[in-house]
1. Would you pick out the residues in region 54-101 that are in contact with an Asp or Glu (Cβ under 9 Å, 6 or more places away or on another chain) and more than 17 Å from Leu27 (Cα to Cα)?
2. Can Ala38 be described as open to solvent by less than 30 Å² (accessible area, probe 1.4 Å), in a helix (DSSP H, G or I) and out of contact with any Leu (no Cβ under 9 Å at 6 or more places or on another chain)?
3. Under 6 Å between Cβ atoms, at least 6 apart or on separate chains: pull out the pairs that start in region 103-132 with a residue that is under 12 Å from Pro186 (Cβ atoms) and end on any residue that is modelled with pLDDT of 95 or more and not in a helix (DSSP H, G or I).
4. Residue check: is Leu95 out of contact with any Gly (no Cβ under 6 Å at 6 or more places or on another chain), open to solvent by 60 Å² or more (accessible area, probe 1.4 Å) and assigned to a helix (DSSP H, G or I)?
5. Residue by residue through region 137-150, note down the ones that are in contact (Cβ under 8 Å) with a residue 40 or more places away in the chain and either open to solvent by 30 Å² or more (accessible area, probe 1.4 Å) or part of a loop (DSSP other than H, G, I, E, B) (or both).
6. Within the bounds of region 227-250, is there any residue that is among the polar types (S, T, N, Q), in contact (Cβ under 8 Å) with a residue 40 or more places away in the chain, closer than 30 Å to Phe21 by Cα and out of contact with any Ser or Thr (no Cβ under 6 Å at 6 or more places or on another chain)?
Amino acid sequence: MTTLIDDRRVRARDASPARYFYLHMALACAATAFLGFAPTYFVPLANRTLSASPVIHFHGLLFFTWSLYFVIQTWLAASGRMVNHRALGIAGVSLATAMTIFGFLASVHVMQHSAALGQKEAGIAFSIVPMSGIAFFAGVFVLAIMNTRKPEIHKRLMLLAAVSILDAAIARWFLTFLAPSGPPGPPPVPVTIAPAMVASLLLVVAMVRDWRTAGRVHPVYITGTLALLAVKVLNWPISETAAWHSFAGGILALAQ
């Protein structure tokens, strides 16, 4: 009993407000994901008016599970439960792997759906957005796992990975409140840049926090944010190249 009481005192002592910053950021990411997809996915799903393939449903389940997983992991770390945090990290590797696989499969499904609507080329062009997004997430996650013994790098990479997949949720806000209704099919690639810029504001918040607490911004945030925005901006010109249409079109042909 004495040991348990002492352990709780240590956790209370270590759980300073600063240590809860990443938990607050994880909660912000989860709220953004839920609120972003609520009008186009969660509400129609609850009303039984949503028509989507099993691949899309499982894709959505995995990605929302990631949001909850990130919240739990940051809470465990902030409250000093590092043994539990590391143990649950093994499950995170499996979850991220499944997200990468089903993110790719969902991209292929969108191309197939676009082709069925007679918009094959538009679907191929747009496929670069989800494919590059999941590739960026996977790459950053691998770097985070490689740096588990360097917590200052690890936690920033994990936040970068979480923010990198929020543009899809934020894009739903644009579609719901700003975009006029139009024909079904994939949107133009350039319209995906603005949601990515909005998502990156969470990284700006983290940078400001670094500056206020350490007097400098950690290189992970600077390099990671620039890389993330570069990927989102370069999607546009690359999506129009013959090389991309040949690559993605080949994947579509194999899937059909």
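The values are calculated or read from the model by the stated rules, or taken from the named source; none is laboratory data. If you're wondering where the values come from, they're calculated on a predicted model, not measured in any experiment. Methodologically, a virtual Cβ is constructed for each residue, glycine included, from the backbone with ideal geometry; neighbour enumeration extends over all protein chains shown. Heads up: the accessible areas ignore ligands, DNA and RNA and are worked out on the full protein's heavy atoms, side chains in. Shrake-Rupley method; radii C 1.70, N 1.55, O 1.52, S 1.80 Å.
1. Step one: of region 54-101, the residues in contact with an Asp or Glu (Cβ under 9 Å, 6 or more places away or on another chain) are 78-80.
Passing the criteria: only Gly80.
2. Details: open to solvent by less than 30 Å² (accessible area, probe 1.4 Å): yes; in a helix (DSSP H, G or I): yes; out of contact with any Leu (no Cβ under 9 Å at 6 or more places or on another chain): yes.
Here the answer is yes, as Ala38 does meet what is asked.
3. Qualifying pairs under 6 Å: Ser107/Ser127; Met111/Ser127.
4. Judged against the criteria, Leu95 is not a match.
5. Within region 137-150, Ile145, Thr148 meet the criteria.
6. Among the residues of region 227-250, not one is among the polar types (S, T, N, Q), in contact (Cβ under 8 Å) with a residue 40 or more places away in the chain, closer than 30 Å to Phe21 by Cα and out of contact with any Ser or Thr (no Cβ under 6 Å at 6 or more places or on another chain), which makes the answer no.
Residue-by-condition table, conditions (1) modelled with pLDDT of 95 or more; (2) surrounded by 15 or more Cβ atoms within 10 Å (Cβ to Cβ):
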| position | (1), (2) |
| --- | --- |
| Ser181 | no, no |
| Pro187 | no, yes |
| Ala194 | no, yes |
| Ser200 | yes, yes |
| Met207 | yes, yes |
| His218 | yes, yes |
| Thr223 | yes, no |
